[in-house]
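Asks: I have a structure here, written as structure tokens, and I will follow up with some questions on it.
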Amino acid sequence: MKGCKRNPFSAFFFILTLFSNLLLAQTNSSQIDFFSPQNRLKFGDYLFREQDYLRAINEYQEYLKIANNDTARFKFAFALAEMGRETEALDNYKGLFFSSPLNEGARLEFYKINFQQGDFVRFRDLCTEKIYLPENSDLIIQKLNRFSYLLDDNLLPDSAAFVDVFDQGEKEQVLNFYMRKKFPPYKSPLTAAVLSAIIPGAGKIYTGNYGDGITAFLLTGILSFLAYDNFKADHDFRGWLFTGLAVMFYSGNVYGSVASTQIYNVGIKFHFENEVKIYLNEKKYFLNKYDFLNR
Amino acid sequence: MKNGVLFFLIGFNICYAQTDWVKWNAVEISYELPSIEIRNFKIDNGNVGSTLLTGAVKTYHVLISDIDGDNCPFFPSCSEFFIQSVKSTNVLAGILMFADRFTRDTNFFKNRAQYPFHSSGKLYDPAVNYTLKFNNINHIPYDQIVKD
Amino acid sequence: MKKYLIYIVVLSSYVLAQDDLKRQFDYADKLHSNSLFYEAITEYKRLQFFDEGSTYSYQTNYRMGLCYKAGAKLDDAVKYFSLAEKFARTDEESFDTKTQVIRVNILRKTTGRALKLLDDLESDSSFTSKIDEINYWRGWAYMFADDWENAALAFGKINPSHELKRKCENVLNEKYSITFAKIISYILPGAGQFYMGNYFSGLLSLGWNVLCGFLTVDSILDDRIFDGLTLGSLLWLRFYRGNIQNAEKFAIQKNFEIANETLRYLQNEYVGLKP
């Protein structure tokens, strides 16, 4: 052993390592416990990054039974929220509200989930009563508070008070949303009904359904002409038949114009709310990005 | 050879996002070709009115509608629309809704943006949108496909 | 000497780690064989995560593909079989994964894709000895696409008296001709429906066409041209067109029933290899 003569300590070290390895092999048949808490956490983090949330939740759940880790609990709650299990998510975020370095983020997520649940009156009550309000993110909560008015049918606050909490770059868009909410470009069902009563099909054209409007006009017109023509030719039965049909389609056209206006207005509302939600998603609900979620 | 240990620990971790967000079990995939939908001839025996109504419409289906081919571009068909209209409102409103539906059916130049597609390939136009109850109207973007 | 000691230390660690991976693999396999596919996938993923040497990459990806296939999650199955193919160590493994991808495409009825992959496999010189298996899956792809003629040809290439070839030929013989049904409906309204055995529908169709035809001709002969045109276009043409549509519809329906009878047999009773 030439090397050993040169350096007896390194030889001793290698022999010790070899024997301890063999000893471990005798006493502990498993070198890697895949189900140890630490390995569960590592695997859970990997699944979380892959957005395989249901499996990640399971791993975090097992880990949190034994260990206490705020980051793991936050990710656990985040995964629950992403999967729509909001009540469980809220409960787990609450576990981080006090004496945790992640309490600010947890409280913000708590408010975000409450906003997403869609009960905006309740959301605004939470904001007003400052329940679990994050200490340093009051501005974010106020922004969400303002946006809640855009998504329900309650009375809007004053425009100046509405936009003042937003940044300069956001104000223009927010004001645009505000004005569209306050003065939606709805059409009047009464106007549509009156127009169709005067000229069959005009009410449908008023709501942009040009083809339906022209068809209603032609159909009512042709049936009325057929009624007149048959009466003129002394074909009374056919005359009354076509009269009945003309009256039915005339009334149907008036009714249909009112329905068409309502459908138009629902479409306006739908697209507006969709735009607001897209804007909020793009802004990530004004929340900060959490770097630790990617680790 | 140098005193070094070469560790060949090259880990390939090709990661793909998994979306198994619901636990699932084994499912047997049927080999059969999809069968053509057969009309339901069941008559609603809820009350005298609905029995008469559905009875009359089913008779129309057997004697006329099933013989003159598939002409309605909408789902539900005009006769089914009439049944739904009368059931959700009343006979008079149902007749007016039917007249309006017939007019829209006759329109050759349908506004494509007005109706989404149903999975049957027809334009989706349910009676619930025409009951004049604002909160019951369900707006579906025209580029979505509605499934039963 | 030091060099050899280092190798022993490293090798022993490696061998022990491989035992743990094997244990995990066996555990995942046990879940798989007990049809706990979702749980099996979790354990295969766990193995993959800790298998830094990618020793089990082929097996885990392949088995995950099988799990997803069992759960009818066919898009995911294709994904994992394709991944397994990247880690295939032998031609046999490569062929196996490629045929699994083809089988999944057959199941999800993306026939065009399945046939393209089969053509690629056939033109691959590494798999010239597998031509029978390729034709076998080609036949299945055609059966699932309701193309029994090409399916019979494909099975015939394996063996002229192949069981599945005879099944395909039976289906072809029993099927109704849609073209014939339509042509006789053009000539005599209701005839196509009679050919299909839908006598009530055929009689009604004939009746309506005769009635509307009579009313139309009668109106025209009475110099009521407008009435005649209206009756002709709104009623007679409607019922005439409906008669042809129904002949076609009933023929397709009946042919589907014939095909489905064979497909049901293949699914439930056939003992050979299935997709």
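Asks: Looking at region A:102-113, which of its residues are under 13 Å from A:Asp91 (Cβ atoms) and surrounded by fewer than 22 Cβ atoms within 10 Å (Cβ to Cβ)?
Replies: A:Ile113
Asks: Scanning for something within 30 Å of A:Phe48 (Cα to Cα), within 22 Å of the chain's Cα centre (by Cα) and away from chain B (no Cβ under 14 Å), does region A:176-185 turn up at least one residue? Let's see the steps before the verdict.
Replies: At the first step, the residues of region A:176-185 found to be within 30 Å of A:Phe48 (Cα to Cα) are none.
Looking through region A:176-185, none of the residues is within 30 Å of A:Phe48 (Cα to Cα), within 22 Å of the chain's Cα centre (by Cα) and away from chain B (no Cβ under 14 Å).
Asks: Please give the number of the condition A:Ser36 fails out of (1) at pLDDT 95 or above; (2) over 25 Å from the mean Cα position of the chain (by Cα); (3) within 12 Å of another protein chain (Cβ to nearest Cβ).
Replies: Checking A:Ser36 against (1) at pLDDT 95 or above; (2) over 25 Å from the mean Cα position of the chain (by Cα); (3) within 12 Å of another protein chain (Cβ to nearest Cβ), the one that fails is (1).
Asks: If you check C:Ile184, C:Ile258, C:Ile220, C:Ile225, which single one turns out to be of a type in the set (Val, Ile, Thr), more than 30 Å from C:Lys167 (Cβ to Cβ), in contact with a helix residue (DSSP H, G or I) (Cβ under 6 Å, 6 or more places away or on another chain) and outside the structural domain of C:Gly139 (by TED's automatic domain parsing)?
Replies: Values: C:Ile184 fails: more than 30 Å from C:Lys167 (Cβ to Cβ); C:Ile258 fails: more than 30 Å from C:Lys167 (Cβ to Cβ); C:Ile225 fails: in contact with a helix residue (DSSP H, G or I) (Cβ under 6 Å, 6 or more places away or on another chain).
Of C:Ile184, C:Ile258, C:Ile220, C:Ile225, the one residue that is of a type in the set (Val, Ile, Thr), more than 30 Å from C:Lys167 (Cβ to Cβ), in contact with a helix residue (DSSP H, G or I) (Cβ under 6 Å, 6 or more places away or on another chain) and outside the structural domain of C:Gly139 (by TED's automatic domain parsing) is C:Ile220.
Asks: I'm checking my understanding of the structure. Among residues of region C:246-275 that are of a type in the set (Phe, Trp, Tyr) and surrounded by fewer than 19 Cβ atoms within 10 Å (Cβ to Cβ), which one is nearest to the other protein chains (Cβ to nearest Cβ)? Show your work before the answer.
Replies: Pass one, region C:246-275, residues of a type in the set (Phe, Trp, Tyr): C:250, C:256, C:265, C:270.
Add one more test, that the residue is surrounded by fewer than 19 Cβ atoms within 10 Å (Cβ to Cβ), and what stays is C:256, C:265, C:270.
Numbers: C:Phe256: 5, C:Tyr265: 9, C:Tyr270: 10 Å.
Looking at residues that are of a type in the set (Phe, Trp, Tyr) and surrounded by fewer than 19 Cβ atoms within 10 Å (Cβ to Cβ), I get C:Phe256.
Asks: Taking region A:75-108, which residues are in a helix (DSSP H, G or I) and hydrophobic (A, V, I, L, M, F, W, C)?
Replies: The answer is A:Phe76, A:Ala77, A:Phe78, A:Ala79, A:Leu80, A:Ala81, A:Ala89, A:Leu90, A:Ala106, A:Leu108.
Asks: Okay, next question. Just to be sure before I move on: is C:Arg89 in a loop (DSSP other than H, G, I, E, B), surrounded by fewer than 23 Cβ atoms within 10 Å (Cβ to Cβ) and not β-branched (Val, Ile, Thr) in the structure I sent?
Replies: Details: in a loop (DSSP other than H, G, I, E, B): yes; surrounded by fewer than 23 Cβ atoms within 10 Å (Cβ to Cβ): yes; not β-branched (Val, Ile, Thr): yes.
Yes: the conditions hold for C:Arg89.
Asks: Further question: Surrounded by 15 or more Cβ atoms within 10 Å (Cβ to Cβ) and in contact with a Gly (Cβ under 6 Å, 6 or more places away or on another chain), is that true of A:Gly256? Break it down into steps so the answer makes sense when it comes.
Replies: Numbers: surrounded by 15 or more Cβ atoms within 10 Å (Cβ to Cβ): yes; in contact with a Gly (Cβ under 6 Å, 6 or more places away or on another chain): no.
In short, no.
Asks: Out of (1) buried (at least 18 other Cβ atoms within 10 Å of the Cβ); (2) of a type in the set (S, T, N, Q); (3) modelled with pLDDT of 95 or more, what's the single condition that is false for C:Asn243?
Replies: (3)
Asks: Here's a follow-up. Which residue out of A:Lys289, A:Lys232 is away from chain B (no Cβ under 12 Å), without any contact (Cβ under 8 Å) to a residue 12 or more places away in the chain and more than 45 Å from the chain's Cα centre (by Cα)? First the steps, then the outcome.
Replies: Details: A:Lys289 fails: more than 45 Å from the chain's Cα centre (by Cα).
Of A:Lys289, A:Lys232, the one residue that is away from chain B (no Cβ under 12 Å), without any contact (Cβ under 8 Å) to a residue 12 or more places away in the chain and more than 45 Å from the chain's Cα centre (by Cα) is A:Lys232.
Asks: What is the residue count in region B:116-139 for residues that are over 14 Å from B:Ser77 (Cβ atoms), in a loop (DSSP other than H, G, I, E, B) and in contact with a Phe, Trp or Tyr (Cβ under 7 Å, 6 or more places away or on another chain)?
Replies: Number satisfying all stated conditions: 2.
Asks: For region C:223-275, name all the residues that are outside any helix (DSSP H, G or I) and of a type outside the set (Phe, Trp, Tyr). Can you show your working first?
Replies: Just the residues of region C:223-275 that are outside any helix (DSSP H, G or I), to begin with: C:223-224, C:269-275.
Scanning region C:223-275 gives C:Asp223, C:Arg224, C:Glu269, C:Val271, C:Gly272, C:Leu273, C:Lys274, C:Pro275.
Asks: Kindly provide the set of residues from region B:85-107 that are over 13 Å from A:Ala259 (Cα atoms) and of a type in the set (Lys, Arg), ordered by number.
Replies: B:Lys87
Asks: Can you find a residue in region A:50-69 that is at pLDDT 95 or above, touching a Phe, Trp or Tyr at 6+ places or on another chain (Cβ under 9 Å), aliphatic (A, V, I, L, M) and closer than 25 Å to A:Lys143 by Cα?
Replies: Checked region A:50-69: no residue is at pLDDT 95 or above, touching a Phe, Trp or Tyr at 6+ places or on another chain (Cβ under 9 Å), aliphatic (A, V, I, L, M) and closer than 25 Å to A:Lys143 by Cα.
The values are calculated or read from the model by the stated rules, or taken from the named source; none is laboratory data. What you see is a predicted model; the values in this text were computed from it and never measured. Cβ coordinates were reconstructed from backbone atoms using ideal geometry, including for glycine residues, and neighbour counts include every protein chain displayed.
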